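The values are calculated or read from the model by the stated rules, or taken from the named source; none is laboratory data. All values reported here derive from a predicted model rather than from experimental measurement. Using ideal geometry, Cβ is built from the backbone for each residue, glycine included, and neighbour counts are taken over all protein chains shown.
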């Protein structure tokens, strides 16, 4: 591999990099930069995630791959939601094999060398509410609160849970997880989520939980 590119990959702070970022740190003509990138892919130092997005491989001292962080690199703006968020908070018992996200862009999915990623379109003006910035030792990503993840499921999956018991039975959520969790956020989402049927279902949940 070209020594200049190798030196840049060693210095690069993340385990992922875009084609635009690669071109900004490489010298020479457009054709020369493309040739360097192509050679690095052939030799395995770069691994394509999707068009113009790469993992950096076989370079020491890189952070471990975090699929939640990677999801927001692959397709953003987005945040972790749906089953992935519910699993993260321990609300559902199943291991989730697809990293599920909500986005303001068009619904898409990507099958990559490190796993499958799905992105479902949610209303633009509900993006921030109920979403937390998670900062780990070597990863950063946005994560939906479980109530926001459930709201997204109602909106995107057309879920028609008629009661909190229906929700718990369908998703196998334990009552202890749900009964006292951020009822203020549930109340807020039940008034502000920009979809009438979603608000109505969340209002049913809120009324049952405060009895």
Item to complete: Please enumerate the residues belonging to region 179-197 that are part of a helix (DSSP H, G or I) and touching a helix residue (DSSP H, G or I) at 6+ places or on another chain (Cβ under 8 Å).
Response: 183, 185, 186, 187, 189, 190, 191, 192, 197
Discussion item. Against the condition modelled with pLDDT of 95 or more and in the same structural domain as residue 193 (by TED's automatic domain parsing), how does residue 116 come out, does it pass?
Written reply: yes
Item to complete: Would you mind telling me which numbered condition in (1) over 10 Å from the mean Cα position of the chain (by Cα); (2) at pLDDT below 95 residue 76 fails?
Response: (1)
Discussion item. Quick check on residue 70: is it under 30 Å from residue 147 (Cα atoms) and touching a residue at least 40 places away in the same chain (Cβ under 8 Å)?
Written reply: yes
Discussion item. Residues that are touching a residue at least 40 places away in the same chain (Cβ under 8 Å) and under 29 Å from residue 109 (Cα atoms): does region 25-43 have at least one?
Written reply: yes
Worksheet entry | Residue in region 84-98 that is more than 25 Å from residue 168 (Cα to Cα) and either out of contact with any strand residue (DSSP E or B) (no Cβ under 9 Å at 6 or more places or on another chain) or free of Cβ contacts under 8 Å to residues at least 12 places away in the same chain (or both) present | no
Practice prompt. Would you mind stating whether residue 85 is closer than 14 Å to residue 148 by Cβ and either touching a helix residue (DSSP H, G or I) at 6+ places or on another chain (Cβ under 9 Å) or buried (at least 18 other Cβ atoms within 10 Å of the Cβ) (or both)?
Written response: yes
Fill in: For residue 28: the one exception among (1) more than 14 Å from residue 142 (Cα to Cα); (2) surrounded by 20 or more Cβ atoms within 10 Å (Cβ to Cβ)
(2)
